[in-house]
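Asks: First the structure, which I've put down as structure tokens, then a few questions once you've had a look.
The values are calculated or read from the model by the stated rules, or taken from the named source; none is laboratory data. Computed from a predicted model, the values in this text were never measured in an experiment. Cβ coordinates were reconstructed from backbone atoms using ideal geometry, including for glycine residues, and neighbour counts include every protein chain displayed. Just so you know, the surface numbers come from the protein's heavy atoms only, side chains and all, with ligands and any DNA or RNA stripped out. Shrake-Rupley method; radii C 1.70, N 1.55, O 1.52, S 1.80 Å.
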Amino acid sequence: MLINQRCIKILNRLQSADTPILLGNLSESFGISVRTIQTDLDEIDYFLLSNGLPCLTRIRKHGVSIDYSADDRLRLRNIIDDRGIGSIIINNNERIELLLKILISQPGFIKVYDLAERLQVSKGTTINDLNTLRNEVEKAGLQIISNSRYGVKMQGDEGSLRTYMLSRHINNSDINIIYDIEKYYRGSISNKFYKLRSYEAIQYILELVYSLENQLEKKLSDISFFGFMSSIELCLLRVQQKRTIVLDSLKLESLYVLKEFAEVFKLTKELETHFNLVLSKDEIGYLTIQLLGSTNVNSDSSNDLKNYAEIQMIVCNLINKVGFDLGRDFSKNIKLYNDLIYHVRPAIYRMRNSLKQVNPLLEDIKKNYREIFDSVRQNFQLIDSMSELEMSEDEIGYITIHFASACMKETLGRFRRPQVLIVCNSGIGTSNILSSKLANIYEMKIVGTVALHEMNAALSRSSVDYIVTTIDLPTKNIEVIKVTPLITTKDIRILDKFFDHKYDDLIDLRKLMDIIEKNCEVKNREMLISDLNSEFTLIRNVNLERKSLPMLRDVMNEGLIELDFHAKNWEDAVRRAGNLLLINDCIEERYIDSMVSVVKSIGAYIVIGKGIALPHSRSSDGVKCIGISLLRLSEPVVFGHPENDPVDLVFALSAIDNSSHMVALSDLAKLLNEPENIQLIRNAGCTSEIMNLISTKGN
């Protein structure tokens, strides 16, 4: 018999539940009435009986469940998996997605009649679907070619085709299935609608990606994990269909030096052996680009970031400008700085490589944080000018979340009451704002904010009273409370049943510390601040800064400035600027070679403004201390930047870690934002004039 797609989804939901599900909960999940759910359950019962399986178990006031033995569950899964497209009634959008899948798997033309047969619809409906799909793919640079004799076929660049296929699959999938192997197996890009890959093969790929995360010491957000898994599956399918991708040789070579490329290379060797195929370096590069465009949920894995100072400079500029627009000072907010660094880097990779990141919260973000969103969009011309690409509203929305979270945390006090673990399927920014909102409204202590695949580890580390989550979780011994990421009025009504609201009268920590230090001898001020902040509710204006970060005037001196050097080319200029750091004992000599290597590998993106370059490398390549040198050239040289060449001002940076130079770099960004300051540097007659400018305006 026929069974519609919603019934299949209800069946899958019931199979994965440990306890009966109330009809009202099913109604809310699927956005339909309880009466419609009852009708669907009747159809499911008929489907089960017709396949020789028991009906659903329905208990009044307790809900509905599938009480099957292991054998019956396996049999049901096989019936659903092997049902073929003819046993599903699908909606228009799903039918077009299936049509796309059929077309890209064809080596040549396919007749419309054959397509109609496979879709189980009329020829007229198939033609309408083809026209809809044709309009969509043309926007992606693809074509559906028609021939009256042979039929239709898909045509276009392989990279564009994969980008479109992945985007459509991700947008039309429930991303949370990635953490339920049974659900992912049925809904993966390989097996959606009809089966192309075995359960064991899917499980194997999944384990390889988990291993990759461990090797790189990073955790991908759920949407990025889903996207990367789908990229691997699509890559394997296309290679098996003898449709391979070709990358620009310079782009490919720039990936070779990255740790991500090395780990993806290891992963592909495993795939080659397991699936008996060969993946070219272009395919390895393609998967590396997908990985580099992924968003992480952990923002503290600084080992894999190459200290790309051009990105850090952009982030400093953005923090300064958005802070000015909002009337707030974010200049010493290290968490905001680090979170933006880790978001902006993959965002730039996504823009450069046409990897679309859909933001499901975009409309809510624009509605609730309009002022911040507009400021970020207006000021993001900094990144636009560097990448030569337009930043999408989806990406701007994600960055808005980081600033919104920082705004909320300015008055946030933390409280030791119920221990709460937050499980969120989005990236760092969304998780932070959910955490901030909850802790700002309610008397609770948030012990962690994790993705679903990190939940069990987090529960083993901490005592947890409640789990607050944005996704559907299986029933646990711990109370699970589901909310939306931006906390609606409806969510507040639910949360009010579990948590008390915060008091309005908060204690100013600075005044409290003044009283304590006036009457007591404080042995460890920083530890006292941390303990007070973690133990008591009524604390505000907390500043947990561990040390005073050096300013620009602290890391520059006249010995780090040289005027009117004649450079033969860009490399000569970089080496001379690096030599200034060397003779001032900021670096070892090998750091200079490393700076040159970085320019060769990532190109002219170190040219951060008109005539201004910022060469740098990793701290592990021979940095002794923070330093910024300035080399003014007698004649500009070409670095290869399409807009900002030629260069006459070279600022070389040495940084001991990922954040200790944040204030100095922010000061430099402010200094260079004013055209008159740049002109003063170019016209200065001696180094003391430039140091005077830095001392007065560079902070």
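Asks: Looking only at region 17-58, how many residues end up being of a type in the set (Val, Ile, Thr) and more than 28 Å from ILE181 (Cβ to Cβ)? I'd like the intermediate steps shown before the answer.
Replies: If we filter region 17-58 for residues that are of a type in the set (Val, Ile, Thr), which is where we start, we get 19, 21, 32, 34, 36-37, 39, 44, 57.
Right, trim to more than 28 Å from ILE181 (Cβ to Cβ) and you get 34, 36, 39.
The qualifying residues number 3.
Asks: Which condition from (1) over 32 Å from the mean Cα position of the chain (by Cα); (2) open to solvent by 50 Å² or more (accessible area, probe 1.4 Å); (3) under 21 Å from VAL257 (Cα atoms) is the one that SER597 breaks?
Replies: Exception for SER597: condition (1).
Asks: Output yes when any residue across region 576-587 is without any contact (Cβ under 8 Å) to a residue 40 or more places away in the chain and charged (D, E, K, R), and no when none is. Break it down stepwise before answering.
Replies: Step one: list which residues in region 576-587 are without any contact (Cβ under 8 Å) to a residue 40 or more places away in the chain, which gives 579, 582-583.
After this cut, where a residue has to be charged (D, E, K, R) as well, the list is none.
No, region 576-587 has no match at all.
Asks: With among the hydroxyl-bearing types (Ser, Thr, Tyr) and closer than 24 Å to ALA451 by Cα as the only criterion, which of SER198, SER160, SER249, SER230 stands out? Spell out how you get there, then give the answer.
Replies: On the way: SER198 fails: closer than 24 Å to ALA451 by Cα; SER160 fails: closer than 24 Å to ALA451 by Cα; SER249 fails: closer than 24 Å to ALA451 by Cα.
When all the criteria are applied, what remains is SER230.
Asks: In addition: Answer yes if at least one residue in region 228-236 is open to solvent by less than 20 Å² (accessible area, probe 1.4 Å) and of a type in the set (Phe, Trp, Tyr), and no otherwise. Full working, then the answer.
Replies: Here is the first cut: in region 228-236, the ones open to solvent by less than 20 Å² (accessible area, probe 1.4 Å) are 228-236.
The next check asks that each one be of a type in the set (Phe, Trp, Tyr); those that pass are 228.
Yes; the residues of region 228-236 include at least one that is open to solvent by less than 20 Å² (accessible area, probe 1.4 Å) and of a type in the set (Phe, Trp, Tyr).
Asks: Follow-up. Of the residues VAL264, VAL257, VAL278, which single one is within 18 Å of PHE226 (Cβ to Cβ) and either assigned to a helix (DSSP H, G or I) or open to solvent by 10 Å² or more (accessible area, probe 1.4 Å) (or both)? Explain how you work it out, then say what you get.
Replies: Values: VAL257 fails: within 18 Å of PHE226 (Cβ to Cβ); VAL278 fails: within 18 Å of PHE226 (Cβ to Cβ).
On inspection, the qualifying residue turns out to be VAL264.
Asks: Now a separate question. Hey, which of the helices (runs of 4 or more DSSP H) in region 1-79, taking only ones fully inside, have at least 2 residues that are open to solvent by 60 Å² or more (accessible area, probe 1.4 Å), polar (S, T, N, Q) and out of contact with any strand residue (DSSP E or B) (no Cβ under 8 Å at 6 or more places or on another chain)?
Replies: Values: elements: 5-16, 23-30, 34-50.
The qualifying helices (runs of 4 or more DSSP H) are 34-50.
Asks: While we're looking at this one, here's another question. Check region 234-252 and report whether any residue there is closer than 20 Å to SER294 by Cβ and among the hydroxyl-bearing types (Ser, Thr, Tyr).
Replies: The answer is no; no qualifying residue exists.
Asks: Select from region 660-691 the residues that are open to solvent by 60 Å² or more (accessible area, probe 1.4 Å) and either at pLDDT below 90 or not in a loop (DSSP other than H, G, I, E, B) (or both) and list them in ascending order.
Replies: From region 660-691, those open to solvent by 60 Å² or more (accessible area, probe 1.4 Å) are 670, 674-676, 679-680, 682-683, 685, 689; that's our starting set.
Hits for region 660-691 are LYS670, GLU674, PRO675, GLU676, GLN679, LEU680, ARG682, ASN683, GLU689.
Asks: Take ASP657 and decide whether it is farther than 20 Å from TYR591 by Cβ and open to solvent by less than 60 Å² (accessible area, probe 1.4 Å). Can you show your working first?
Replies: On the way: farther than 20 Å from TYR591 by Cβ: no; open to solvent by less than 60 Å² (accessible area, probe 1.4 Å): yes.
It is false that ASP657 is farther than 20 Å from TYR591 by Cβ and open to solvent by less than 60 Å² (accessible area, probe 1.4 Å).
Asks: Still on this structure: Anything in region 239-259 that is closer than 21 Å to TYR204 by Cβ and of a type outside the set (Val, Ile, Thr)? List them, or say none. Give the steps one after another, and end with the answer.
Replies: Filtering region 239-259 down to residues closer than 21 Å to TYR204 by Cβ leaves 239-241.
Answer for region 239-259, where residues must be closer than 21 Å to TYR204 by Cβ and of a type outside the set (Val, Ile, Thr): GLN240, GLN241.
Asks: For the condition touching a His at 6+ places or on another chain (Cβ under 6 Å) and not in a loop (DSSP other than H, G, I, E, B), what is the one hit in SER629, SER620, SER634? Quick ask: steps written out before the conclusion?
Replies: Numbers: SER629 fails: touching a His at 6+ places or on another chain (Cβ under 6 Å); SER620 fails: touching a His at 6+ places or on another chain (Cβ under 6 Å).
Sole residue among the options that is touching a His at 6+ places or on another chain (Cβ under 6 Å) and not in a loop (DSSP other than H, G, I, E, B): SER634.
Asks: For region 605-617, which positions are among the hydrophobic types (A, V, I, L, M, F, W, C), in a strand (DSSP E or B) and either free of Cβ contacts under 8 Å to residues at least 12 places away in the same chain or open to solvent by less than 30 Å² (accessible area, probe 1.4 Å) (or both)? Break it down into steps so the answer makes sense when it comes.
Replies: Of the residues in region 605-617, the ones among the hydrophobic types (A, V, I, L, M, F, W, C) are 606-608, 612-614.
Next, from what is left, pick out any that are in a strand (DSSP E or B): 607-608, 612-613.
Within region 605-617, VAL607, ILE612, ALA613 meet the criteria.
Asks: Test each condition in (1) aliphatic (A, V, I, L, M); (2) open to solvent by less than 10 Å² (accessible area, probe 1.4 Å); (3) out of contact with any Lys or Arg (no Cβ under 8 Å at 6 or more places or on another chain) for ILE694 and report the one that comes out false.
Replies: Among (1) aliphatic (A, V, I, L, M); (2) open to solvent by less than 10 Å² (accessible area, probe 1.4 Å); (3) out of contact with any Lys or Arg (no Cβ under 8 Å at 6 or more places or on another chain), the lone unmet condition for ILE694 is (3).
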